[in-house]
1. Being within 24 Å of the chain's Cα centre (by Cα) and within 16 Å of ligand 1 (Cβ to nearest atom) narrows it down to one of Val233, Val220, Val213, Val226, so name that one.
2. Before we move on, is Glu306 within 16 Å of ligand 2 (Cβ to nearest atom) and either over 13 Å from Thr244 (Cβ atoms) or open to solvent by less than 40 Å² (accessible area, probe 1.4 Å) (or both)?
3. Name every residue in the stretch 33-85 that is more than 25 Å from Arg128 (Cα to Cα), surrounded by fewer than 16 Cβ atoms within 10 Å (Cβ to Cβ) and of a type outside the set (Gly, Ala, Ser), in order of residue number.
4. Taking the stretch 238-249 only, how many residues are more than 7 Å from ligand 1 (Cβ to nearest atom) and either open to solvent by 20 Å² or more (accessible area, probe 1.4 Å) or not assigned by TED's automatic domain parsing to the domain that holds Arg365 (or both)?
5. Given the conditions (1) in a loop (DSSP other than H, G, I, E, B); (2) at pLDDT 95 or above, report the number of the one that Leu366 does not fulfil.
6. Quick one: which of Glu275, Glu269 is more than 14 Å from ligand 1 (Cβ to nearest atom), under 27 Å from the mean Cα position of the chain (by Cα) and more than 20 Å from Ala376 (Cβ to Cβ)?
7. Tally the residues that are assigned to a loop (DSSP other than H, G, I, E, B) and among the hydrophobic types (A, V, I, L, M, F, W, C), restricting the search to the stretch 63-97.
8. Identify the single condition in (1) open to solvent by less than 90 Å² (accessible area, probe 1.4 Å); (2) in contact (Cβ under 8 Å) with a residue 40 or more places away in the chain; (3) over 22 Å from Asp136 (Cα atoms); (4) acidic (Asp, Glu) that Glu183 does not satisfy, given that it satisfies every other one.
Amino acid sequence: MAKDFSSGLSSDLSGGADTIVARATAAGAGALAVIRVSGPETCRLAGILCPDINMESPWRACVVRLQEEGGAFLEEAIAIPYRAPRSYTGEDMLELMVHGSRWIVDAVVGTIISAGARQAAPGEFTRRAVANGKMDLVQAEAVNEVIQAETEWQARMAREQLHGALSQEFGALRNALVAFLAEVEGSLDFEEQGVAVDDEAQERARTGCVAQVDALLVTVGAGVRVREGARVVIIGKPNSGKSTLFNALLARERAIVAPTPGTTRDVLEADLEIEGLPVVLVDTAGIREVADPTEAEGVRRARREEGRADLILALHGADDGKVPWFQEVEATERQLNVVSKADLAEQPTEGALAISCLTGQGVDRLREEIHQRVAAPVWAMSGSVAVNVRHSEALLRAREHLESIVSAPQEVAALEIRSAMLALDEVLGSVDDDEVLDAVFSTFCVGK
Ligand SMILES: Nc1nc2c(ncn2[C@@H]2O[C@H](COP(=O)(O)OP(=O)(O)OP(=O)(O)O)[C@@H](O)[C@H]2O)c(=O)[nH]1
Ligand SMILES: [Mg+2]
């Protein structure tokens, strides 16, 4: 989905750029390492590093001998030459596959640098791809998300975004704004000729745009769920089996379990994946009135975690002997009532899921129930793409501009629509704003 976004971008990136080099694979020894070169000097540098390479036969892997500038043999490598504009960055490029030794990689990169290239900055290859219209900024962000993806949903969402699914949504919104602007500017001409403005049509166009903005904005919650994971916090009285459940869900002995109440005093966090969705599971100190300042601090932290949870697992031990505490507090959407130690229960508790970490009873059902609840916003989104915080900030700005049009004079309306369009262009990276680009690419690794 190559679009031309190059027009407004800084000239040092699009035309007349220098040539950059970086290792593209992770640092450290590995079977293989990939080194990338990109820029107008690529062919000349290739001639110095591997004189037997034929840059006129691009997009084809070939075996080459790499040598230092003086001619000393360095390594035998697989090389793939690319010629502009048919490359990742849109420039001439060379990719080299060498043995993953740090010495070899440093020697190859060093040779290329001393011949005139520069070490690439984080994300600089992708930044050039954006500058040369190979992808927009939303897709560039997805490149990073694909690399960072650790769960199935993260990978799926990043892939969709990389292939342009989210860019298309922004594109459709932008088209609607262009049509709205045409309507308003057209009516400005009519006004001059004394023809009445069709207010209703304009209001329809405006609310249509706002609805499109809102449809994108509702996906932000799902995006956070997929990108960062839901916080699932285990809350209950001391000894109710919180840490035992924490360990059971993680399938490892992460937290200390003991028969003495008040064992856990700090907040423990662990990453978990449930059916392809990331979850941050949190174990807390048992909640009770205590004089001991250390445990009291633990209780205060548990309360704080309770407040910021996406889902609370409200635990009551079946051996407690009292009415479950969660029946005495107001039930909320984000709370799941669980009776633990069901193997010790004399009778079932209504409105709660019974589990026993000793026998394993109910633990799979609990896992399924957690999944249902944390996945709900993800399933609710229409496509498989969701906006991130950067996008939602721009969308909110666009929305404000569209709101301030109501009962404004036509000239002002036209200006506001243009400002809303500018907010979208910033999302897609088609405006020249180094601050925005710096912020996006600073989170990239070198070599991407
Ligand atoms: N019979 C039985 N005992 C359990 C079960 N789960 C936990 N226990 C026991 O209950 C005691 C307390 O368990 P913990 O997991 O440490 O309880 P906790 O809620 O983390 O306690 P604090 O950290 O002190 O708040 C331990 O002796 C566990 O072995 C269960 O399903 N069945
Ligand atoms: Mg504990």
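The values are calculated or read from the model by the stated rules, or taken from the named source; none is laboratory data. Note that the structure is predicted; figures quoted are calculated from it, not measured. Cβ: placed from backbone, ideal geometry, glycine included. Neighbour counts: every protein chain shown. In case anyone asks, the SASA skips ligands and DNA or RNA and just uses the protein heavy atoms, side chains included. Shrake-Rupley method; radii C 1.70, N 1.55, O 1.52, S 1.80 Å.
1. Val233
2. So Glu306 passes the test.
3. Pro51, Asp52, Cys62, Val63, Arg65, Glu69, Phe73, Glu76
4. Residues flagged as more than 7 Å from ligand 1 (Cβ to nearest atom) and either open to solvent by 20 Å² or more (accessible area, probe 1.4 Å) or not assigned by TED's automatic domain parsing to the domain that holds Arg365 (or both) within the stretch 238-249 amount to 1.
5. With respect to (1) in a loop (DSSP other than H, G, I, E, B); (2) at pLDDT 95 or above, Leu366 is out only on (1).
6. Glu269
7. Looking only at that region, the number is 2.
8. (2)
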